[in-house]
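Beneath this line is the structure, given in structure tokens, with notes to follow.
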Amino acid sequence: MRGKQAPKRNILPDARYQSVEVARFINYVMNDGKKSIAQKIVYTAFDHIAEVTKQDPLSVFDEAIKNVTPLVEVRSRRVGGANYQVPMPVRGERKYALTFRWVLGAARGRKGRPMHQKLADEIVAAFNKEGDAMKKRNDIHRMAEANRAFAHFARFSSKRR
């Protein structure tokens, strides 16, 4: 790795819910630095979630994120000329990155409606443990389970790079 690692930035809580997690999610939704549009999309989606579920949208969002968050993933390791898919636990910050990416990818994949509606539907689906983001998580966990035989290769990853 060349140079220094970029410093971790502190993200300020969002304006409406005072939640760092929602602020981080807004940053993931944002395209081309247009944060006000991303905020509008997320807040409108949260209003839609409140209408549909009749619950606090922040608690629905937190539960949906918790449901989609992966525990293990497979990473490629080259051992003796062969590549193995080695299951490894997902580290803290990467859990949220993967979760947000999957939820947004699933929402963007839905067609024919405004983004705030697609996002709200995907969050509600994740809250109910369904939808494309949950399917992605289950696929990753299934792959890790299938490759459990190669888990002993995970020990060597810190020694040689």
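Only one residue in G112, G105 is outside any helix (DSSP H, G or I), of a type in the set (G, A, S) and touching a helix residue (DSSP H, G or I) at 6+ places or on another chain (Cβ under 9 Å). Which one? Give the derivation first.
Working: G105 fails: outside any helix (DSSP H, G or I).
So the residue among G112, G105 that is outside any helix (DSSP H, G or I), of a type in the set (G, A, S) and touching a helix residue (DSSP H, G or I) at 6+ places or on another chain (Cβ under 9 Å) is G112.
What is the number of the single condition among (1) of a type in the set (A, V, I, L, M, F, W, C); (2) touching a residue at least 40 places away in the same chain (Cβ under 8 Å); (3) surrounded by fewer than 18 Cβ atoms within 10 Å (Cβ to Cβ) that V68 does not meet?
Of everything listed in (1) of a type in the set (A, V, I, L, M, F, W, C); (2) touching a residue at least 40 places away in the same chain (Cβ under 8 Å); (3) surrounded by fewer than 18 Cβ atoms within 10 Å (Cβ to Cβ), V68 misses just condition (3).
For A154, indicate whether it is surrounded by fewer than 21 Cβ atoms within 10 Å (Cβ to Cβ) and among the aliphatic types (A, V, I, L, M).
Details: surrounded by fewer than 21 Cβ atoms within 10 Å (Cβ to Cβ): yes; among the aliphatic types (A, V, I, L, M): yes.
For A154, the condition - surrounded by fewer than 21 Cβ atoms within 10 Å (Cβ to Cβ) and among the aliphatic types (A, V, I, L, M) - is met.
Kindly evaluate K159 against the criterion of being modelled with pLDDT of 95 or more, farther than 21 Å from A38 by Cβ and loosely packed, with under 15 Cβ neighbours inside 10 Å.
Values: modelled with pLDDT of 95 or more: no; farther than 21 Å from A38 by Cβ: yes; loosely packed, with under 15 Cβ neighbours inside 10 Å: yes.
Considered against the rule, which asks whether it is modelled with pLDDT of 95 or more, farther than 21 Å from A38 by Cβ and loosely packed, with under 15 Cβ neighbours inside 10 Å, K159 comes out as no.
If I filter the stretch 84-103 down to residues being touching a Ser or Thr at 6+ places or on another chain (Cβ under 9 Å) and surrounded by 20 or more Cβ atoms within 10 Å (Cβ to Cβ), which single residue comes out as modelled with the lowest pLDDT? Walk me through how you get there before you give the answer.
Applying the first criterion (touching a Ser or Thr at 6+ places or on another chain (Cβ under 9 Å)) to the stretch 84-103 yields 84-86, 88, 90, 95-96, 98-99.
In the following step, the residues that additionally are surrounded by 20 or more Cβ atoms within 10 Å (Cβ to Cβ) were identified as 86, 99.
Numbers: V86: 87, T99: 96.
Among residues in the stretch 84-103 that are touching a Ser or Thr at 6+ places or on another chain (Cβ under 9 Å) and surrounded by 20 or more Cβ atoms within 10 Å (Cβ to Cβ), the one modelled with the lowest pLDDT is V86.
On the given criteria, is T53 surrounded by 16 or more Cβ atoms within 10 Å (Cβ to Cβ), more than 16 Å from the chain's Cα centre (by Cα) and farther than 16 Å from A107 by Cα? Working first, answer last.
Details: surrounded by 16 or more Cβ atoms within 10 Å (Cβ to Cβ): yes; more than 16 Å from the chain's Cα centre (by Cα): yes; farther than 16 Å from A107 by Cα: yes.
So T53 fits the description; yes.
Quick one: P70 ticks every box in (1) farther than 30 Å from A149 by Cβ; (2) in contact with a Ser or Thr (Cβ under 9 Å, 6 or more places away or on another chain) except a single one, so which number is it?
(1) is the only condition that P70 fails.
Please list, ordered by residue number, the helices (runs of 4 or more DSSP H) wholly in the stretch 1-89 having 2 or more residues that are under 30 Å from R142 (Cα atoms) and not polar (S, T, N, Q). Lay out the reasoning, then the answer.
Values: elements: 20-29, 35-53, 57-68.
By residue number, 20-29, 57-68.
For the stretch 13-22, how many residues are among the hydrophobic types (A, V, I, L, M, F, W, C) and farther than 16 Å from H116 by Cα?
As a first pass, look at the stretch 13-22 and keep what is among the hydrophobic types (A, V, I, L, M, F, W, C): 15, 20, 22.
Of the ones still in play, those that are also farther than 16 Å from H116 by Cα are 15, 20.
Number of matching residues: 2.
Against the conditions (1) modelled with pLDDT of 95 or more; (2) closer than 23 Å to A154 by Cβ, where does S36 fall short? Just the number, please.
Failing condition for S36: (2).
Just checking, how many residues over the stretch 4-37 are under 18 Å from Y96 (Cα atoms) and either surrounded by 12 or more Cβ atoms within 10 Å (Cβ to Cβ) or of a type in the set (F, W, Y) (or both)?
15
Residues are listed down the side, and each one gets a yes or a no for (1) polar (S, T, N, Q); (2) under 24 Å from K129 (Cβ atoms):
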{"residue": "Y28", "(1), (2)": "no, yes"}
{"residue": "K34", "(1), (2)": "no, no"}
{"residue": "S59", "(1), (2)": "yes, yes"}
{"residue": "Y96", "(1), (2)": "no, yes"}
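Considering only the stretch 104-120, how many residues are without any contact (Cβ under 8 Å) to a residue 40 or more places away in the chain and buried (at least 16 other Cβ atoms within 10 Å of the Cβ)? Please lay out each step first, then the result.
Initially, the stretch 104-120 is screened for residues without any contact (Cβ under 8 Å) to a residue 40 or more places away in the chain, giving 105-114, 118.
Then keep just the ones that are buried (at least 16 other Cβ atoms within 10 Å of the Cβ); that gives 106-107, 110, 118.
So the count comes out to 4.
The values are calculated or read from the model by the stated rules, or taken from the named source; none is laboratory data. A quick note: this is a predicted structure, and the numbers were derived from the prediction, not measured. Cβ atoms come from the backbone with ideal geometry, glycine included; neighbour counts cover every protein chain shown.
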